[in-house]
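Here is the structure we will look at.
Rule-based calculations on the coordinates, nothing more; no lab input. What you see is a predicted model, and the numbers here were worked out from it, not measured in a lab. When we count neighbours, we look across all protein chains shown, and the Cβ atoms used for this are built from the backbone with ideal geometry, even at glycine.
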Amino acid sequence: MGLIYFGIRVTDLERSLDFYVHGLGLEELRRGSLPHGGRRVLLVDRGTAQRVELNWYPGGSPYAVPYVAGEGLDHLGFSTGHAAEMARRLVAHGGKVVLTPTDPLGVRQNFYVEDPDGNWIELMAWGSARPSRPRNLATREAPKMRRRAR
């Protein structure tokens with residue numbers, strides 16, 4: 001078993017595509033219709049292979065319940081070498097900065113930006129986008145890399 005993607009509900013698919021594709025730089029893999037009339041678009045980060053599916057549901061769909069930002073989703077995390085620059089870029093694509101490193105509750109060099117539907121995006125100033133190495137949950141240390149016997 002493995003995590004393939006996660007889906008988030010959006011209220012305006014085109015507005016969300018602008019934010020996630022043009023703002024965050026994700027690429028569209030595919031899109032489709034859902035049996036109840038909704039639409040979905042699967043996006044990928046080519047640098048890390050992480051995927052997110054944007055799901056839009058029309059009125060009358062059993063899934064078109066009142067929208068509450070996040071609904072249990074805390075935030076999506078992205079690594080970038082230029083967190084402040086990326087935050088400005090996301091604002092230009094419909095985002096809103098909600099927490100900066102200089103805020104009393106701010107985190108180191110990280111910025112938090114709301115997407116057009118109020119979901120939080122964390123921009124971590126940890127270098128360029130790259131997949132993170134797995135960590136030992138008890139110690140938070142990266143595993144030792146072993147050399148193969150020749």
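The table below gives the values:
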item: Label-to-label distance, nm, for residues given as LYS96 and ASP74 (7 Å Cα→Cβ offset); result: 2.3 nm
item: Long-range HN-HN contacts of SER79 with modeled amide H, under 5 Å; result: MET124, ARG130
item: Relative packing of 13-19, 94-100, which averages over residues the other C-beta atoms within 10 Å, highest first; result: 13-19, 94-100
item: q = 0.12, 0.15, 0.25 Å⁻¹, segment 1-68: log10 I(q)/I(0) [Debye, one scatterer per Cα]; result: -0.32, -0.49, -1.12
item: Rg and Dmax of segment 24-126, Cα atoms only, in Å; result: 15.3, 46
item: Residue-by-residue Karplus 3J(HN,Hα) for segment 49-61, coefficients 6.51, -1.76, 1.60, Hz, glycine and proline x; result: 6, 6, 10, 9, 10, 8, 10, 10, 10, x, x, x, 6
item: Trypsin sites (Lys or Arg not before Pro) lying in DSSP loop within segment 26-77, provided at most 12 other Cβ fall within 10 Å; result: ARG46
